[in-house]
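What follows is calculated from the coordinates using simple rules that are stated; it is not laboratory data. What you are looking at is a predicted structure, and each value in this text was computed from that prediction instead of being measured. With ideal geometry, Cβ positions are generated from the backbone for all residues, glycine too; neighbour counts draw on all protein chains shown.
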Ligand SMILES: [Zn+2]
């Protein structure tokens with residue numbers, strides 16, 4: 001390409017990206033019809049839409065769960081990680097808090113509050129705010145982030161007529177006509193070329209629609225909007241009340257009044273333009289972030305000499321329009337935030353509080369009304385420091401400010417998946433390969449255990465009998481909590497406790513999480529600890545639970561004092577349970593068809609006596625001989641080894657009764673189900689399979705041939721074993737790899753670990 005072509009290309013790209021030509025007022029009004037929903041967003045709805053725009057996906061691990069409380073996995077990577085200078089890691093708890101806050105903004109009118117994001121040092125608050133503001137700034141440049149503000153274009157070479165047309169007594173339709181919008185031929189009215197105008201932007205970033213006098217707005221919108229849904233929302237929903245209620249700012253108001261002494265309404269509206277309201281953090285427009293070290297705005301009153309002298313000259317009166325405003329005007333309908341609550345930001349915070357309480361404040365003698373989203377970052381101890389500044393103790397301060405503050409917690413990460421994401425972000429994805437499956441999770445859980453509070457009333461009230469869990473969980477249920485914080489409902493819960501995990505219990509557990517994450521290892525410390533660990537053990541192939549234990553329990557390192565007592569022991573118990581389950585599951589290769597046949601024969605066999613021969617109607621009338629061995633094997637699977645003869649015959653009697661009265665009489669004959677669709681068949685099938693799985697290891701635990709074959713898998717020595725063992729071992733390794741992500745190396749370690757530690761006995 002030639003240089004000219006390149007420049008053309010560049011210009012085309014830049015044009016499509018960033019041309020935001022101002023619209024004539026009538027064109028702006030015409031946009032309301034297709035885009036009213038966007039045009040009439042206040043900053044709170046914009047915040048909501050901005051957050052939602054950046055949610056990559058939402059995962060619900062338990063769709064259809066009637067007790068779900070909507071605690072979902074929101075992927076906020078596009079907001080906090082992608083294209084950022086420094087990533088912020090929002091865990092599941094924080095993501096839900098943020099999304100819920102945004103949702104609460106969606107349907108409400110401007111809340112009169114300061115949003116305080118509170119968390120300990122090292123929780124990443126400032127990165128959170130920087131990334132949020134950065135993405136906000138970019139968002140309002142997109143079509144999705146469309147916002148308009150008023151700019152006046154006042155022609156200054158023409159004299160202009162004196163006198164104005166009165167607006168009284170016209171409805172929305174004639175108001176549109178008054179604006180000169182002639183919808184019939186679709187042609188905008190002509191405007192003389194070459195007129196010079198002076199541009200006066202609204203320093204308060206007023207929405208151009210506010211220039212329509214209040215009494216005409218409802219009629220105008222009724223006339224304009226034909227989408228009934230939008231019409232209903234506009235007129236009924238709280239978040240749009242401002243469209244009818246709010247006045248333009250004092251400056252726009254006075255410009256309008258002054259112009260109306262010399263121009264017709266039609267002419268005045270021809271001077272009103274709508275331009276894109278673009279945020280610019282560096283210039284403090286739309287978004288601004290104040291650091292405690294930033295100079296206090298020396299001159300709180302802002303003027304613009306050039307604009308003021310034009311206005312004075314144009315109206316030949318220096319009192320008609322006073323172009324003065326405060327620095328708050330810059331972030332009107334935008335976001336104003338404080339990076340902390342120290343030094344000069346204390347005064348800024350108190351000023352914000354004053355503005356929020358009074359709603360209107362004076363700039364010289366003109367009134368300014370601020371409608372912004374105020375965000376403040378705060379450490380827990382900041383209130384005490386602020387007290388020193390104001391002479392109040394933190395309690396008094398809290399009382400005075402309470403009803404204007406809305407607190408959102410930003411604690412240390414409490415979700416181990418997010419904790420791992422922090423490690424991989426710093427050390428690379430390849431670290432995962434060094435660890436046995438589960439062990440990296442367990443490293444993260446150990447770090448998080450230092451951040452969790454011991455007692456949990458919500459769990460105490462919920463769990464029926466905590467003795468059921470001595471093999472899987474610590475007595476304080478840290479491990480259970482950690483799973484719940486990650487959105488996982490552990491499958492080792494008893495049936496009863498799983499059933500009583502109602503919405504209220506979940507809410508109570510999550511509410512309690514607010515107490516967690518305020519101390520323990522900070523984000524910075526945990527990276528340091530991981531580095532220490534990884535440097536020491538990355539040569540081990542692979543890293544196992546033993547290394548983890550050794551590292552955290554090492555007296556020289558002094559980490560163990562922050563970790564709950566015996567936590568690593570309980571963590572190892574749970575690990576044992578998990579690895580045993582995976583090995584068993586991978587060993588299991590019973591033929592499903594075989595089990596199906598067994599159950600179908602059993603269902604018919606129990607209606608006969610031992611020694612009988614029958615033709616099974618469910619199996620193409622195949623012949624079957626009822627033996628006591630057969631009944632014994634099936635019932636052992638269905639009831640367990642310990643069932644007595646009496647229990648067995650009782651079980652059989654009940655099964656026969658159910659088969660006759662429910663399975664045959666109702667499900668097959670009346671409901672027309674297939675035998676394999678009946679409840680009785682399905683329950684028996686599930687129970688049989690479960691038992692078969694549980695006992696799958698029994699024949700192999702004492703088998704030294706099997707143990708050696710595991711060790712020699714994928715070596716030349718492996719060929720010396722008989723086909724049966726080779727096949728079994730092959731299935732085991734392949735399933736462990738395919739289903740659970742074990743490398744061959746890790747599989748060997750895991751299976752030997754299970755065998756050598758007699759894990760099948762531990763969880764009998
Ligand atoms: Zn204005």
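So if each residue of separation counts as 0.36 nm, and I subtract the Cα-Cα distance between residue 621 and residue 716, what length gain in nm does that give?
On the way: separation 95, 0.36 × 95 = 34.20 nm, distance 4.86 nm.
Gain on extension, residue 621 to residue 716, equals 29.3 nm.
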Quiz item: Quick one: length gained pulling residue 471 to residue 280 fully straight, 0.36 nm per residue minus the C-alpha distance?
Solution: 63.1 nm
Quiz item: If you take the beta carbon distance between residue 266 and residue 407 as r and set R0 to 56 Å, what does 1/(1 + (r/R0)^6) give as a FRET efficiency, to the nearest 0.05?
Solution: 0.65
Quiz item: Along each of its three principal axes, how wide is the spread of alpha-carbon positions in segment 312-404, in whole angstrom units, largest first?
Solution: 55, 23, 23
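Projected area of the chain, taken from the Cα convex hull and averaged over every viewing direction, in nm²?
Values: hull surface 199.8 nm².
Dividing the Cα hull surface by four gives the mean projection, 50.0 nm².
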Exercise. Express the relative contact order of the chain as a whole percentage, based on alpha carbon pairs under 8 Å and six or more residues apart in sequence.
Key: 13 percent
Quiz prompt | Dimensions in Å of segment 698-762 - Rg and Dmax from alpha carbons | solution = 11.4, 34
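Using the 10 angstrom Cβ neighbour count as an exposure proxy, how do 230, 479 rank, fewest first? Before the final figure, lay out the partial values.
Working: 230 19, 479 23.
Ranked by crowding around the Cβ, least crowded first: 230, 479.
Among DSSP beta bridges whose residues both lie in the chain, state the antiparallel percentage, nearest 5.
Values: 26 of 45 bridges.
DSSP beta bridges in the chain are roughly 60 percent antiparallel.
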Quiz item: By how many nm would the segment from residue 197 to residue 761 lengthen if fully extended, with 0.36 nm per residue of separation less the alpha-carbon distance?
Solution: 194.1 nm
Exercise. Treat each spin label as a single point 7 Å out from the Cα along the C-beta direction, and report the residue 301 to residue 319 distance in nm.
Key: 1.6 nm
Quiz item: So how tilted is helix 679-694 from the main axis of the chain? Cα-based, degrees 0 to 90, rounded to 10.
Solution: 80 degrees
Exercise. Just grab the label-to-label distance for residue 641 and residue 312, each label 7 Å out from Cα along the Cβ direction, in nm (one decimal).
Key: 10.1 nm
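At 37 °C and a viscosity of 0.692 mPa s, what translational diffusion coefficient does Stokes-Einstein give for segment 309-352, taking Rh as the Kirkwood radius over Cα pairs? Give it in µm²/s as a whole number.
On the way: Rh = 13.2 Å.
In µm²/s, the coefficient rounds to 249.
Using only the Cα atoms, what convex hull volume per residue in Å³ does segment 54-143 have? Mind dumping the intermediate values first?
Numbers: hull volume 13.2 nm³, N = 90.
With only Cα atoms used, segment 54-143 gives 147 Å³ per residue.
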Exercise. State the Cα centre-to-centre distance between segment 343-360 and segment 210-274 in whole Å.
Key: 30 Å
Quiz item: By average Cβ neighbour count within 10 Å, what is the ranking of 499-506, 330-337, 287-294 from highest down?
Solution: 330-337, 287-294, 499-506
Self-check item: segment 592-694 - Rg and Dmax from Cα coordinates, angstrom
Solution: 13.2, 37
Practice problem: Report the label-to-label distance for residue 651 and residue 461 in nanometres (one decimal), using points 7 Å from each Cα along the Cα→Cβ vector. | Solution: 3.9 nm
Quiz item: Using mean Cβ contacts within 10 Å as the protection proxy, how do 44-57, 692-705 order, highest first?
Solution: 44-57, 692-705
Exercise. Using packing as a proxy for protection, rank 398-404, 471-477 so that the peptide with the highest average count of other Cβ atoms within 10 Å comes first.
Key: 471-477, 398-404
Exercise. May I ask for the angle, rounded to the nearest 10°, between helix 645-658 and the longest principal axis of the chain, with both axes built from Cα atoms and the value confined to 0 to 90°?
Key: 60 degrees
Quiz item: Between segment 412-479 and segment 609-633, how many Å separate their Cα centres?
Solution: 51 Å
Quiz item: What is the diffusion coefficient of segment 233-374 in µm²/s, taking the Kirkwood radius over Cα pairs and the Stokes-Einstein relation at 37 °C with a viscosity of 0.692 mPa s?
Solution: 190 µm²/s
Quiz item: Relative to the longest principal axis of the chain, what angle (0 to 90°, nearest 10) does the C-alpha long axis of helix 503-512 take?
Solution: 70 degrees
